[in-house]
Amino acid sequence: MPSSLMQPVTQKRLTNVAIVRLKTHGKRFEIAAYKNKVQNWREGIEKDINEVLQVVSVFTNVSRGEVAKDTDLKKAFNVTDQEEICRKILKSGDLQVSDRERESQLESQFRDIVQIIVERCVHPQTGRQLTPMCVENALKTTGFSVNPDHVAKRQALKAIESLCAELPDSFSRANMRLRINCPEKLRDAIRKHLKEQVEARIEEDIAAAEGSHASFTFVCGPSHYRDLDSLCTVTNVGEEVTLQIVEATVLGEVREARGDASAPAPAIAATAVPLAPQPPFAGAAVGTGAAAAGGYPQQPPRQSASSAVVAGQPAPGVVQPKKGMKCSACSAEFEDAGEYRQHCRSEWHNFNLKRKVKSLPPVSEEEFAEISLDAKEGFLAVDS
């Protein structure tokens with residue numbers, strides 16, 4: 001009887017394995033790959049197939065170690081070369097991953113989609129970018145779901161169309177700022193095309209100088225970019241017509257910074273509740289500058305604590321409101337914290353707290369004095 005148990009030397013342990021499965025011609029074929037390498041292979045990051053596969057073999061069941069027959073491979077793929085078949089399965093097969101890995105992948109892809117939407121969409125009333133949290137909530141409202149088999153950009157473009165159609169008051173596709181350089185003889189034709197076909201807003205129209213070309217700087221929707229590219233590279237091929245992207249996303253802040261007077265900033269819709277008039281800030285002109293153009297109130301210049309101490313005095317004509325404390329249970333205001341603490345220990349405050357629990361309105365201090373007197377005489381209960 002042998003003293004030791006012999007183990008097969010040709011056996012290969014498959015650890016940290018990811019199974020890529022392909023069903024075709026009524027058969028199931030599987031290959032054993034590394035978990036982190038399959039996606040890199042499909043994205044073109046990894047080129048060496050030996051770094052992707054744990055073993056260059058085609059199985060019918062990886063967990064059991066059942067190797068596919070050559071007759072089945074010939075019938076399904078018309079070849080018997082194992083490496084070539086592995087490449088086909090890597091390209092078209094389904095990757096079997098755990099729930100945690102799938103959740104992490106979908107979460108990462110969802111963040112990429114949200115970032116693309118943030119970069120390409122603006123608020124239709126303000127012309128400013130939306131926050132990622134706003135985009136995430138809107139996607140959940142419209143019932144958007146991530147497809148792991150499609151790239152993030154493709155899904156983001158479809159999501160933008162859905163958001164602009166279902167939430168037109170909150171989402172709109174951001175415009176692009178482009179520039180076309182052309183010879184002087186094509187200047188009129190290109191200007192006509194921009195106004196009639198593209199409906200672009202021309203910001204700069206520079207005539208051709210000696211030794212240079214004419215140029216148009218304009219703002220248009222991103223859906224017209226392919227048409228303009230075809231105009232420059234196909235229609236006017238050989239005419240030295242070029243198209244440049246000045247800004248891929250035109251925002252409200254960008255227009256204000258450029259000082260573009262021809263681009264009127266969008267007005268803010270009036271709210272249902274009118275705001276109380278605010279006194280003008282000292283040293284600031286009301287209704288002028290970029291704030292008036294953008295529809296936002298002029299903000300006061302921020303001042304550090306040290307500069308406020310040096311100044312010492314408030315600006316003339318500005319009334320400084322008194323800072324006090326208010327009791328919500330009694331609807332009473334107090335000038336300092338000591339008076340407020342003394343009030344909280346009073347019977348009047350405790351009486352109003354009991355009424356607040358019973359959803360009853362508070363009573364004034366005069367009414368409480370009468371109620372307390374009546375309670376002492378037995379006419380009215382305090383807790384009523």
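The values are calculated or read from the model by the stated rules, or taken from the named source; none is laboratory data. If you're wondering where the values come from, they're calculated on a predicted model, not measured in any experiment. Methodologically, a virtual Cβ is constructed for each residue, glycine included, from the backbone with ideal geometry; neighbour enumeration extends over all protein chains shown. These area figures cover heavy atoms from the full protein model, side chains too; ligands, DNA and RNA do not enter into them. Shrake-Rupley method; radii C 1.70, N 1.55, O 1.52, S 1.80 Å.
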The number of residues in the stretch 14-32 that are in a strand (DSSP E or B), among the hydrophobic types (A, V, I, L, M, F, W, C) and without any contact (Cβ under 8 Å) to a residue 60 or more places away in the chain is 2
Select from the stretch 82-92 the residues that are open to solvent by 70 Å² or more (accessible area, probe 1.4 Å) and touching a Phe, Trp or Tyr at 6+ places or on another chain (Cβ under 8 Å) and write down the one among them that is nearest to Gly26 (Cα to Cα). Lys88
Within the stretch 88-109, the residues that are at pLDDT 80 or above and under 17 Å from Val17 (Cα atoms) are Ile89, Leu90, Gly93, Asp94, Leu95
Among the candidates Ile113, Ile89, Ile160, single out the residue that is closer than 30 Å to Asn50 by Cβ and of a type in the set (Val, Ile, Thr). Ile89
How about the stretch 40-62: which of its residues are of a type outside the set (A, V, I, L, M) and free of Cβ contacts under 8 Å to residues at least 40 places away in the same chain? Asn40, Glu43, Gly44, Glu46, Lys47, Asp48, Asn50, Glu51, Ser57, Phe59, Thr60, Asn61
Any residue in the stretch 327-342 that's closer than 16 Å to Leu360 by Cα and open to solvent by less than 60 Å² (accessible area, probe 1.4 Å): show its pairings with residues that are among the hydrophobic types (A, V, I, L, M, F, W, C) and assigned to a helix (DSSP H, G or I) at Cβ separation under 7 Å, as long as the two are six or more apart or on different chains. Ala329/Leu353; Cys330/Trp348
Inside the stretch 26-81, can you point out the residues that are modelled with pLDDT of 85 or more, surrounded by 12 or more Cβ atoms within 10 Å (Cβ to Cβ), polar (S, T, N, Q) and within 45 Å of the chain's Cα centre (by Cα)? Gln54, Ser57, Thr60, Asn61
When Pro132 is evaluated against the numbered criteria (1) open to solvent by less than 70 Å² (accessible area, probe 1.4 Å); (2) in contact with a Lys or Arg (Cβ under 6 Å, 6 or more places away or on another chain), which criterion, by number, is the only one it fails? (2)
Which of the helices (runs of 4 or more DSSP H) contained wholly in the stretch 36-99 include at least 1 residues that are touching a helix residue (DSSP H, G or I) at 6+ places or on another chain (Cβ under 8 Å) and β-branched (Val, Ile, Thr)? 38-42, 82-92
